[in-house]
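Below is one structure; the comments refer to it alone.
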Amino acid sequence: MLNNFVMPDLYPAAPEIFLLCMACLILLVDLFLGDYQRWVTAMMAQIALVGCAAITWVTADTQVVLTFSNMFVDDLFADFLKLVVYVTVSVVLIYSRGYLQARNLDKGEFYLLVLFATLGMMVMISAAHLLTLYLGLELMSLCLYALVAIDRDSARATEAAMKYFVLGALASGLLLYGMSMVYGATGSLEIGGIAQALHQGAANKTVLVFGLVFLVAGVAFKLGVVPFHMWVPDVYHGAPTAVTLFISTAPKLAAFAMAMRLLVYGLFELAEQWQIMVMIMAVLSIAIGNLAAIAQTNIKRMLAYSGISHMGFLLLALMSGVVGQDRHFALNAYSSALYYAVAYVLMSLASFGTVLLLSRAGYEAENLEDFKGLNRRSPWFAAVMLTVMFSMAGIPFFVGFFAKFSVLLAAVDAGYVGIAVFAVLFSLVGAFYYLRVVKLMYFDPPADTAPIQATTDMRIVLSVNGIAVALFGLFPQAIMAFCTYALLRSL
């Protein structure tokens, strides 16, 4: 048997191998560090991410490369998403440092769990096989469950972690069952093999559609869309804000990659079937997300329901790729979805970053009242939050406006005019709770007059984050063009 073993090409998986080696090294080094030396762990985590970005950039190629017996793929779509994930996680670590130190949570476990979760996301993004996809998903999910419960003295965090774990295990079970049915129907676990079996008409369509339902349910849970959204507000609220920031950003990119790999790369021939399910979830998410957010007084819960509505817009783009048998709209729709995912992560980073900025030792700035009079305390960071709220509401000319506009355009082109109008109307409903935050910051007297305490690096990065939300709105063409090019070279 050993004579038949063929050494896989490790070059396409170089970033993953490097991150794994760095995480193991950090685990060993952290054992010998005291609490006052934790900056070494934080610095090594940042070096690991920079190294991954450099390797991904150097190894990026317009050719699609398969390795590990066609279980792992390296294409421009994967490279682009991985680079966004590295930047996102790096920013999360910068924002979180002061918050963790103030609560005695600045421990090596946090950085290691974040890095291993990032490794899981990278594997998910490059998965060309159902088993690889599942392994990446479980590595990411198990790290996230532990991160939610990292504050062991908080009953709220423990409760949130239990809810997340139980519902996550259920979703993983649904996904595995769906994968087993797809394997039974097509005789292949390779995503490319599944697509080929469908194209040649060699698959059992009845069994495949049943499996498809379970796959879509698993994807929907990871994206946090209705009706699989129950965990989102409770986990966002219960977890430490630094962990909420992480969960609301990078894992969404991995979940989007999972949706693309399964539905577009693997089950594109069944687009008419899965588009109906995606359409229902998109409409419900936009409606319920926006309506539920209005009633929230906790900004973490408000942003959780806001995230559900944003993921509804993401699904709106996914469902607009195929009209009947016409695939003319596919590239435009899926590049709009990719652009929306990146724009949402950028906005989510800045919004939760501002919440972390206002928090301090013994004080969680997670209620809407905590934003009262922010303009008097810090006009600059009030302006950053204003930019983010306007962008999330879809007000011109911020990145959120062009993200929504491109998705709505794709939906109209595909003939879903009624659903596009519905989405616009509920965006107007959503504008209320975003503008309420702006009203509190600029027109109400401050409830808290304590000076804002934050490290210089956090102030600089949060400022750059806010400026990026504005600038990418003024010049959206570059990112949109690259999203289209990355998909064109990968599909």
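The values are calculated or read from the model by the stated rules, or taken from the named source; none is laboratory data. All values derive from a computational prediction rather than experimental measurement. Cβ: placed from backbone, ideal geometry, glycine included. Neighbour counts: every protein chain shown. Accessible surface is based on the protein model in full, side chains and every heavy atom, while ligands, DNA and RNA are left aside. Shrake-Rupley method; radii C 1.70, N 1.55, O 1.52, S 1.80 Å.
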Do we have any residue at all in the stretch 171-190 that's free of Cβ contacts under 8 Å to residues at least 12 places away in the same chain and outside any loop (DSSP other than H, G, I, E, B)? yes
Looking across the stretch 67-87 at residues that are of a type in the set (A, V, I, L, M) and in contact with an Asp or Glu (Cβ under 9 Å, 6 or more places away or on another chain), the single one that is most open to solvent (accessible area, probe 1.4 Å) is M71
Exactly one of V388, V424, V412 is out of contact with any Cys (no Cβ under 6 Å at 6 or more places or on another chain) and buried (at least 18 other Cβ atoms within 10 Å of the Cβ), and that residue is V388
Result of the Cβ filter at 7 Å on the stretch 71-93, keeping first residues that are in contact (Cβ under 8 Å) with a residue 40 or more places away in the chain and partners that are surrounded by fewer than 24 Cβ atoms within 10 Å (Cβ to Cβ) and charged (D, E, K, R), at least 6 apart or interchain, is D75/R489; L76/R489
For the stretch 334-352, check the following and say yes or no: at least one residue is over 20 Å from I479 (Cβ atoms) and either part of a helix (DSSP H, G or I) or hydrophobic (A, V, I, L, M, F, W, C) (or both). yes
Evaluate the following for V64: is it closer than 19 Å to A341 by Cβ and surrounded by 15 or more Cβ atoms within 10 Å (Cβ to Cβ)?
no
Across (1) more than 18 Å from the chain's Cα centre (by Cα); (2) crowded, with 23+ Cβ neighbours inside 10 Å, V232 clears everything bar (1)
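Per-residue answers, yes or no, for (1) loosely packed, with under 15 Cβ neighbours inside 10 Å; (2) over 18 Å from V92 (Cβ atoms):
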site	(1), (2)
P12	no, yes
C24	yes, yes
L28	yes, yes
F32	yes, yes
W39	yes, no
M44	no, no
A48	no, no
I55	no, yes
V58	yes, yes
If we keep only residues of the stretch 276-297 that are under 30 Å from E190 (Cα atoms) and open to solvent by 10 Å² or more (accessible area, probe 1.4 Å), then the residue farthest from the chain's Cα centre (by Cα) is I276
When (1) over 30 Å from A202 (Cα atoms); (2) in contact with a strand residue (DSSP E or B) (Cβ under 7 Å, 6 or more places away or on another chain); (3) buried (at least 24 other Cβ atoms within 10 Å of the Cβ) are applied to G307, the one that fails is (2)
Note on the stretch 433-464: residues part of a helix (DSSP H, G or I), touching a residue at least 12 places away in the same chain (Cβ under 8 Å) and under 26 Å from Q296 (Cβ atoms) are Y433, Y434, L435, R436, V437, V438, L440, M441, Y442, M458, L462
Those residues of the stretch 453-469 which are small (G, A, S) and surrounded by 18 or more Cβ atoms within 10 Å (Cβ to Cβ) amount to A454, G466
For the stretch 194-244, the count of residues that are among the β-branched types (V, I, T) and over 30 Å from A365 (Cβ atoms) equals 7
Of the residues in the stretch 472-491 that are part of a helix (DSSP H, G or I) and free of Cβ contacts under 8 Å to residues at least 24 places away in the same chain, the one that is surrounded by the most Cβ atoms within 10 Å (Cβ to Cβ) is A481
* Kindly indicate whether any position in the stretch 284-299 is in contact with a helix residue (DSSP H, G or I) (Cβ under 6 Å, 6 or more places away or on another chain) and within 27 Å of L208 (Cα to Cα). => yes
Sole miss for Q46 among (1) in contact (Cβ under 8 Å) with a residue 60 or more places away in the chain; (2) part of a helix (DSSP H, G or I) is condition (1)
